[in-house]
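See structure below.
Just so it is clear, none of the values below were taken in a lab; they were calculated from the coordinates. What you are looking at is a predicted structure, and each value in this text was computed from that prediction instead of being measured. For neighbour counting, all protein chains shown are included, and Cβ atoms are generated from backbone atoms with ideal geometry for every residue, glycine included.
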Amino acid sequence: MTFRKILVANRGEIAWRVMRTAKAMGYRTVAVHSDADKDAPHVAFADEAMRIGPPPVGESYLDVKRILYAARTSGADAVHPGYGFLSENDAFAAACEKMGLVFIGPPPAAIAAMGNKAAAKRRMIDAGVPCVPGYQGADQSDAALAKEARKVGLPVMVKAAAGGGGRGMRLVERDDDLLEAIRTARTEAESAFGSGELILEKAVVNARHVEIQVFADTHGNVIHLGERDCSVQRRHQKVIEEAPSPAVDAELRRRMGEAAVAAARTIGYRGAGTVEFLLGSDGAFYFLEMNTRLQVEHPVTEAITGLDLVEWQLRVARGETLPLAQDQVRLDGHAIEVRLYAEDPYAGFLPQTGRIDVWRPADGAGVRTDHGMKDGLVISPFYDPMIAKVIAHGSTREEARTRLSQALRDTIVLGPTTNRHFLIRLLGHPEFAAGKATTAFLGIHSFPAPDVSEAHWTLAASLLWQQSAARFPAPLRGWRNSNPEPTPIKLAVGDRERLLHIRPDDVANTNAPFYIDGNDIIVDLDGHTVRFQDRTYLPPASAQAGGDGKLRAPMDGRIVSIKVDAGEKVVRGQTLIVLEAMKIQHQLKAALDATVESIAVKEGQQVSNRTILVTMASSD
Ligand code: MV4
């Protein structure tokens, strides 16, 4: 079990984070990368880097053969899978071991034991771990499932046995919807996971998502490092994670910890793992699933325990006993993490792609930013658009919360639209601030797009004016001290256009982060980043292409289906095209009542942002 050179079979922030600890412990590190990632910082940081293929994950980060080939040719003798990609693929873990590589993760059998929800739940029930009441049986007929669902009682969750992390999961509230939900869930599960097997669970509403970090060594020691609360999720993407949970006291922690340790023990676990529970409003808790990897949100546990979980993974992998016994684990203060994404929270959370022009992570007291960024790096459509994780630690929850909020304000990220401002609003929401947010939080509260303030328009115009003032000689600027003629500057945000008149006197405080990207200026004011188009020298919007019966791709993606034919009449709001990007399907709808004139794309075609897909003639 000795090893010297670790290949990190991942990318981005987690690859960098794993390599930092590996290097600090004296190991050599090998990065693997697709063509899209050749300039990424983690690749430069590694001692060696191997290209594994083109950008699509199937031909790079998910391709077992290519990763193993890279391990062999680089002389690596251990593999760290990070999270996602191949991290919970038992066949990959087994293939590593067969090649004589140390897999830095659990044994293949332990991964497999948790890979199927039905089998996992049956084992957990046998081990005395409390599970959500439900059905995880072999009879998968519509009739059996419907009967069992009625026995469990509505509302019920229909989940794909092979799914995980909320994928392939649907809530059924009315009896009338039951059969249809079972059939759709089965079909979806078949296509997404290659198995249509379903389980049923009583839906626990208004619960908290509380997960326990466990660690096991190869000498029979299994301990837990407390919990994380990940109740604030959107479409089962975690948005905020914290430790400890505001809903868990020492006694509950001890009981949930014992259940999690029992879960790990019964499957012969090794290394870092996370046991997910739902914590009901009545204080009852239920096993949901186990994640057999290091998780995205592990830094909040590191913050309050003072431990390096990657260091622990490497120590377990080389056969050491766990560095601490259960009664030596201390929890100190509170930590909160948010996931900073290139996405537009005010446009259906559409993933955003493009160049990060300026990246300056915050560095206040108690603040940690885990990222894989640098100025000029491109967020490509091929991978998850997470930019960074920002984590704040404080002696109290309130201190952690305010530190994190300030850190987000201080983080400069100019380029694609991000969820930074949305995160600041979430952290400031009274319900979250009070520690009361449950799994229902993001479903209940809406966060409408904020208006671009008067100050923001003026600031953008002033900055543009200053830039041109710096570029052009004084006589051409349209004003002199002796001639304070206002300069007209026309700006647009989306379809809103404003003509501003900037006088030297108006140019007050232009101390804001900004970046000029071609005809656009991206301006950050009080944590709200807005991209303004400078239209001063452009023809009016109406004369430009667009806004006139042309449906364009809102992002890079693949055409999944075309719902209309040329010549067909369509109504405003009707879905014309389904576009898939970042595994999410987007229904692209008609903006007006119209007749379809032509369709410029085919099903299965890859299209880039702003490509014209459908041309229509207005019917009024
Ligand atoms: C549930 C549930 C309620 N009842 N299962 C979501 C992620 C996955 N690991 C498990 N998840 C859930 N499973 C039952 N039987 C609630 C969640 C859940 C959730 C649901 C809706 C909206 C936000 C949520 C956040 C965390 C967990």
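Under 14 Å Cα-Cα from Lys98, which aspartates and glutamates qualify once same-chain neighbours fewer than 8 residues away are excluded?
Output for Lys98: Asp77, Asp90.
Looking at the range 60-119, what % of the alpha carbon pairs are farther apart than 19 Å?
Numbers: 431 of 1770 pairs.
In whole percent, the long-distance tail amounts to 24.
Once you charge only the Cβ atoms, +1 for Lys and Arg and -1 for Asp and Glu, what is the size of the charge dipole of the range 133-202 about its Cα centre, to the nearest 20 debye?
Details: 10 positive and 12 negative charges, 37 e Å.
The dipole of the range 133-202 has a size of about 180 debye.
Setting aside same-chain residues fewer than 8 positions from Lys389, which lysines have a Cα under 26 Å from its Cα?
Of all the lysines, those that pass the test against Lys389 - Cα under 26 Å, at least 8 places apart if same chain - are Lys23, Lys38, Lys238, Lys374, Lys436, Lys583.
What residues of the range 5-36 lie in the reach of a label at Asp47, counting those whose backbone N is under 19 Å from a point 7 Å from the Cα along Cα→Cβ?
5-10, 15-33
Which is the longest stretch in the chain that no exposed loop site breaks, taking sites as GluC sites (Glu not before Pro) with a DSSP loop state and at most 16 other Cβ atoms within 10 Å?
Working: sites that count: Glu173, Glu320, Glu568, Glu603.
The segment 321-567 is the longest one with no such site.
Could you tell me the relative contact order of the range 208-439? Use alpha-carbon pairs under 8 Å, at least six residues apart, and round to a whole percent.
Reported as a whole number, the value is 20 percent.
Add -39500 (n - 2.57) for each DSSP H run of 4 or more in the chain, then divide by its residues: what number comes out at 222 nm, to the nearest 500 deg cm²/dmol?
On the way: 16 runs with 166 residues, N = 620.
Result for the chain: -8000 deg cm²/dmol, rounded to the nearest 500.
Roughly how big is the range 550-618's charge dipole about its Cα centre, with Cβ charges of +1 (Lys, Arg) and -1 (Asp, Glu), in debye to the nearest 20?
Numbers: 10 positive and 7 negative charges, 38 e Å.
Result for the range 550-618 is approximately 180 debye, rounded to the nearest 20.
Please state the charge dipole magnitude for the chain, taken about the Cα centre, from unit charges on C-beta atoms (+1 on K and R, -1 on D and E), reported in debye and rounded to the nearest 20. Could the numbers behind the result be given before it?
Working: 73 positive and 77 negative charges, 159 e Å.
Once rounded to the nearest 20, the dipole reads 760 debye.
Compute the FRET efficiency between Asn511 and Asp375 as 1/(1 + (r/R0)^6), taking r as their Cβ-Cβ distance and R0 = 22 Å, and round to the nearest 0.05. Mind dumping the intermediate values first?
Details: r = 20 Å, r/R0 = 0.92.
Calculated value: 0.60.
Does the range 297-345 come out rounded, prolate or oblate by the C-alpha gyration tensor, with a ≥ b ≥ c the root eigenvalues, rounded set by a/c under 1.5 and, if not, prolate when a/b is larger than b/c and oblate if not?
Details: a/c = 5.13, a/b = 1.73, b/c = 2.96.
Oblate shape, in that a/c is at least 1.5 and b/c is the bigger or equal ratio.
Output the Cα-based Rg and Dmax of the chain in Å, rounding Rg to one decimal and Dmax to a whole number.
Taking only Cα atoms of the chain, I get Rg and Dmax of 26.5, 88 Å.
Write down the Kirkwood hydrodynamic radius of the range 5-104, to one decimal in angstroms, obtained as one divided by the mean of 1/r over all alpha carbon pairs.
Numbers: mean 1/r = 0.0774 Å⁻¹.
Hydrodynamic radius (Kirkwood, Cα only) of the range 5-104 equals 12.9 Å.
Evaluate the relative contact order of the chain (contact order divided by residue number), counting alpha-carbon pairs under 8 angstrom at least 6 apart; express in whole percent.
Details: 1328 pairs, mean separation 58.2, N = 620.
Once normalised by length, the contact order is 9 percent.
With an 8 Å cut-off on Cα pairs and a minimum separation of 6 or more residues, tell me the relative contact order of the range 550-618 in percent. It would help to have the intermediate numbers written out before the result.
Details: 173 pairs, mean separation 29.7, N = 69.
Dividing the mean separation by the residue count of the range 550-618 yields 43 percent.
Give the lysines reachable from Lys563 as a straight Cα distance under 17 Å; neighbours fewer than 8 places away on the same chain don't count.
Partners within reach: Lys550, Lys589, Lys602.
Please give the Cα centre distance for the range 561-585 versus the range 23-49, rounded to the nearest Å.
Each part's Cα centre sits 41 Å from the other's.
Can you compute 3J(HN,Hα) from phi for each residue in the range 599-609, using the Karplus curve 6.51 cos²θ - 1.76 cosθ + 1.60 with θ = phi - 60°, rounded to whole Hz and x for Gly and Pro?
Here the 3J(HN,Hα) series is 10, 9, 10, 10, 4, x, 6, 8, 10, 9, 2 Hz.
According to the square roots a ≥ b ≥ c of the eigenvalues of the Cα gyration tensor, what is the shape class of the range 222-370, taking rounded for a/c under 1.5, prolate for a/b larger than b/c otherwise, and oblate for the remainder?
On the way: a/c = 1.82, a/b = 1.44, b/c = 1.26.
Prolate.
Ser618 to His501: FRET efficiency via 1/(1 + (r/R0)^6), r the Cβ-Cβ distance, R0 35 Å, to the nearest 0.05? Write out the running numbers ahead of the final one.
Details: r = 35 Å, r/R0 = 1.00.
Given R0 = 35 Å and the Cβ-Cβ separation, E is 0.50.
What does the C-alpha gyration tensor say about the overall shape of the range 344-503? Classify as rounded when a/c is under 1.5, otherwise prolate if a/b is larger than b/c, or oblate. Can you show the working numbers first?
On the way: a/c = 2.03, a/b = 1.91, b/c = 1.06.
Prolate.
Are there trypsin sites (Lys or Arg not before Pro) in the range 103-188 that DSSP marks as loop and that have at most 10 other Cβ atoms within 10 Å, and which are they?
Details: sites: Lys117, Lys121, Arg122, Arg123, Lys147, Arg150, Lys151, Lys159, Arg167, Arg170, Arg174, Arg183, Arg186; in loops: Arg174.
Sparse-neighbourhood loop trypsin sites (Lys or Arg not before Pro): Arg174.
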